[in-house]
Amino acid sequence: MAYVALYRKWRPEKFSDLVGQEHISRTLSSAITSGRIGHAYLFSGPRGTGKTSTAKIFARGLNCEHGPTPEPCGECTACRKIAEGTSLDVFEIDAASNRGIDEIRDLRETVKFAPVDGRYKVYIIDEVHMLTTEAFNALLKTLEEPPEHVVFILATTEAHKVPATIQSRCQRYDFRRIGTQEIETRLAQVAQAMKLTAEPEALALIALQADGGLRDALSLLDQCASLAEAEITAERVRQIMGLVGHEWIYKLTAALAARKAQDALSLLADLLREGKDLKQVLVELALHLRSLMIFQAAGSLGKLDLYDEQEATLQEQAGFFQPEQLMQMLTRLHGAMTEMKWSPQPRIAVEVALLELCRGEVAAASPAAGTIGQQASGQGAASEARLAQLEAQLAQLSAAVAKGAAAAPAAVKPLRQVAARAAAAPVSAARPETAPAAVIDGQGHELWQQLLQTLQQRNKPQILACLQGGGRFAGLGDSHFHIRFSSSLMASLTMRNYRRTLEEILAELAGRPLQLVARGEDLPPAPPSPPKKPSKPEPVPEPGTTHIEVPQEERPPALDAAVQIFGDNIVAVEEEN
């Protein structure tokens with residue numbers, strides 16, 4: 001007899017065999033028992049979590065000779081035919097290769113016929129999100145009102161691609177990722193039944209690499225069993241799956257903590273000579289750093305499905321970094337993984353990432369990284385000094401602008417007033433006419449200081465320099481926060497570019513929404529009204545015409561509009577006989 005893969009041989013036969021999906025198996029069992037059979041179901045979730053297996057179990061439960069029953073016998077003719085895929089009442093359709101409107105039209109024609117052997121005709125459409133828009137439209141009406149003997153089961157890994165009109169006509173069941181511990185327990189049962197000797201650490205590695213999919217875990221176990229000599233060991237699993245291994249990752253982490261770029265690059269070169277994959281190196285390094293981050297936060301890994309490691313090692317290497325460092329390092333590693341997809345030389349992208357981690361501005365907490373910590377502190381001080389210099393230059397520029405506007409020639413003064421008013425227009429428009437009067441109090445000053453500290457903590461140097469360069473707290477109302485600037489230019493810049501960010505931070509600090517109102521102290525007064533135009537001399541009527549004076553109250557609106565355009569020289573035109 002031909003060999004059957006483990007994931008096929010150990011496919012669940014009953015609802016009780018499903019791993020990690022108790023909420024779904026219990027609901028479907030209750031539906032069969034109570035006779036509340038829906039006409040359409042949508043199974044969504046990651047790959048290898050039991051969607052198709054659940055659909056087949058449900059079909060067997062509906063058509064079993066001893067049913068409908070939530071516990072199909074698996075021995076009657078209907079159960080055996082469904083399990084073997086030869087039943088004439090259960091149709092399994094792959095939507096990835098049958099995605100057109102013609103296939104759905106054929107399905108609509110076959111739906112009309114009664115079942116051949118069982119009670120229900122069950123259509124299992126796998127990867128249903130691959131159907132075209134026309135195919136979905138053709139399926140819509142049949143899915144809404146199918147014959148009483150038809151049940152549709154739609155399975156997909158990307159439920160967001162299924163139209164809402166289709167989802168609204170189905171009962172949706174979301175399959176969750178299976179936990180690492182549950183997969184490990186299932187693998188131990190399979191290994192014992194298959195008389196395979198496997199180390200617990202080896203099964204844990206397989207369960208971790210399966211990423212929540214039991215089918216992938218069984219496939220990996222099958223692969224390791226075929227290559228293992230007598231026992232499935234953790235080292236053998238690492239070799240088969242191309243894993244880097246804990247020892248290499250620990251050495252690489254120590255090199256990053258000590259800021260030894262040469263050691264980090266040498267370790268990477270050694271791993272490549274060993275045939276390891278670049279992406280796998282970054283993945284395992286990120287998993288290790290994640291374990292360190294969780295260990296620092298919680299003190300224990302518990303049941304968090306993390307990289308399987310010894311607690312003593314975690315405790316030692318967790319002291320190498322501060323929590324902020326680990327988060328920044330993880331962000332950089334994820335960025336390097338993305339860069340590798342598009343880079344013609346992925347190794348360069350990885351080496352650049354490792355060098356940045358070694359030479360970054362974040363200082364390590366371990367004694368081995370003390371020198372680098374001092375360098376990072378020096379870099380931080382240099383950055384602060386540069387920021388202060390930029391703030392001083394900005395203040396000088398604002399003062400020069402204000403002084404230049406005051407000393408401008410009289411002939412250009414009205415033009416500069418118009419420009420200043422235009423620059424301050426967004427500020428005036430942003431301030432509502434019914435704004436409450438500002439109240440200067442201790443709470444407002446405290447909120448102002450908290451705002452400046454938050455901007456510094458969140459690394460917003462531009463906004464911080466703008467506020468500290470020429471701004472000061474001017475008042476706090478029920479719904480408004482007032483800032484006064486020495487220059488209307490700075491006020492306009494704040495309202496135009498930084499208003500949303502500042503209002504979000506103020507809402508977090510104050511616990512209520514606050515609208516920012518920024519005003520400049522150098523707003524020019526309103527320009528004088530233009531002088532009245534000298535009245536035109538009354539025109540002399542041409543020969544043959546008569547000049548008419550029409551009182552203002554007797555003028556129709558259309559005449560007023562014409563007067564504004566053409567002037568008030570109104571002439572009566574005599575009609576020709």
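The values are calculated or read from the model by the stated rules, or taken from the named source; none is laboratory data. The structure displayed is predicted, hence computed values, not measured ones. Heads up, the Cβs are rebuilt from the backbone with ideal geometry, glycines too, and the neighbour counts pull from every protein chain shown.
Against the condition under 15 Å from residue 455 (Cα atoms), of a type outside the set (D, E, K, R) and either modelled with pLDDT of 80 or more or outside any helix (DSSP H, G or I) (or both), how does residue 493 come out, does it pass?
Numbers: under 15 Å from residue 455 (Cα atoms): no; of a type outside the set (D, E, K, R): yes; either modelled with pLDDT of 80 or more or outside any helix (DSSP H, G or I) (or both): yes.
It is false that residue 493 is under 15 Å from residue 455 (Cα atoms), of a type outside the set (D, E, K, R) and either modelled with pLDDT of 80 or more or outside any helix (DSSP H, G or I) (or both).
For segment 219-227, does any single residue satisfy the condition of being free of Cβ contacts under 8 Å to residues at least 12 places away in the same chain and either surrounded by fewer than 20 Cβ atoms within 10 Å (Cβ to Cβ) or assigned by TED's automatic domain parsing to the domain that holds residue 140 (or both)?
Going residue by residue through segment 219-227, those that are free of Cβ contacts under 8 Å to residues at least 12 places away in the same chain are 226.
Retained after the next criterion (residues that are either surrounded by fewer than 20 Cβ atoms within 10 Å (Cβ to Cβ) or assigned by TED's automatic domain parsing to the domain that holds residue 140 (or both)): 226.
Yes, the conditions are met somewhere in segment 219-227.
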**Prompt:** How many residues are more than 15 Å from residue 51 (Cα to Cα), crowded, with 19+ Cβ neighbours inside 10 Å and touching a His at 6+ places or on another chain (Cβ under 6 Å) when one looks only at segment 152-184?
**Reply:** 1
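Considering only residues that are touching a Gly at 6+ places or on another chain (Cβ under 7 Å) and assigned to a helix (DSSP H, G or I), which ones fall in segment 70-82? Outline the logic, then answer.
Restricting attention to segment 70-82, the residues satisfying the condition of being touching a Gly at 6+ places or on another chain (Cβ under 7 Å) are 70, 72, 78.
Residue satisfying the conditions is 78 alone.
Can you tell me which residue in segment 77-104 is surrounded by the most Cβ atoms within 10 Å (Cβ to Cβ), limited to those that are touching a residue at least 12 places away in the same chain (Cβ under 8 Å) and acidic (Asp, Glu)? Explain how you work it out, then say what you get.
Initial filter on segment 77-104 (touching a residue at least 12 places away in the same chain (Cβ under 8 Å)): 77-79, 81-83, 87-96, 99-101, 103-104.
From what's left, acidic (Asp, Glu): 89, 92, 94, 103.
Numbers: 89: 22, 92: 18, 94: 13, 103: 17.
Out of the qualifying residues, it is 89.
Quick check on my filter: what residues within segment 246-280 are at positive phi and out of contact with any helix residue (DSSP H, G or I) (no Cβ under 9 Å at 6 or more places or on another chain)?
The initial filter retains those residues of segment 246-280 that are at positive phi, namely 259, 275.
275 - this is the single residue of segment 246-280 that is at positive phi and out of contact with any helix residue (DSSP H, G or I) (no Cβ under 9 Å at 6 or more places or on another chain).
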**Message:** Checking the conditions here, which among 103, 71, 84, 65 is acidic (Asp, Glu) and closer than 17 Å to residue 131 by Cβ?
**Reply:** 103
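Please list, ordered by residue number, the strands (runs of 3 or more DSSP E) wholly in segment 88-195 having 1 or more residues that are among the aliphatic types (A, V, I, L, M) and either over 18 Å from residue 41 (Cα atoms) or touching a Lys or Arg at 6+ places or on another chain (Cβ under 8 Å) (or both). Give the derivation first.
Working: elements: 90-94, 121-126, 150-156, 171-174.
It comes to 90-94, 121-126, 150-156.
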**Prompt:** If you take the residues of segment 496-514 that are in a helix (DSSP H, G or I) and small (Gly, Ala, Ser), which of them is surrounded by the most Cβ atoms within 10 Å (Cβ to Cβ)?
**Reply:** 510
**Prompt:** Pick from segment 129-145 the residues that are in contact with a helix residue (DSSP H, G or I) (Cβ under 6 Å, 6 or more places away or on another chain) and of a type outside the set (A, V, I, L, M, F, W, C): which of them is surrounded by the most Cβ atoms within 10 Å (Cβ to Cβ)?
**Reply:** 129
**Prompt:** For segment 42-69, how many residues are part of a loop (DSSP other than H, G, I, E, B), in contact with a Gly (Cβ under 9 Å, 6 or more places away or on another chain) and either of a type in the set (Gly, Ala, Ser) or closer than 25 Å to residue 165 by Cα (or both)?
**Reply:** 5
**Request:** Report, ordered by the first and then the second residue, all pairs with beta carbons closer than 8 Å, sequence separation of six or more or different chains, a first member in segment 33-54 that is over 16 Å from residue 68 (Cβ atoms), and a second member that is among the basic types (Lys, Arg) and assigned to a loop (DSSP other than H, G, I, E, B).
**Result:** 40/169; 45/176; 45/177; 46/177; 49/176; 49/177; 53/11
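Please work out if residue 16 is within 36 Å of the chain's Cα centre (by Cα), surrounded by 15 or more Cβ atoms within 10 Å (Cβ to Cβ) and not assigned by TED's automatic domain parsing to the domain that holds residue 191. It would help to see each step written out before you state the result.
Numbers: within 36 Å of the chain's Cα centre (by Cα): yes; surrounded by 15 or more Cβ atoms within 10 Å (Cβ to Cβ): no; not assigned by TED's automatic domain parsing to the domain that holds residue 191: yes.
No.
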**Request:** Determine whether segment 113-123 contains at least one residue that is at pLDDT 90 or above, buried (at least 19 other Cβ atoms within 10 Å of the Cβ) and of a type in the set (Gly, Ala, Ser).
**Result:** no
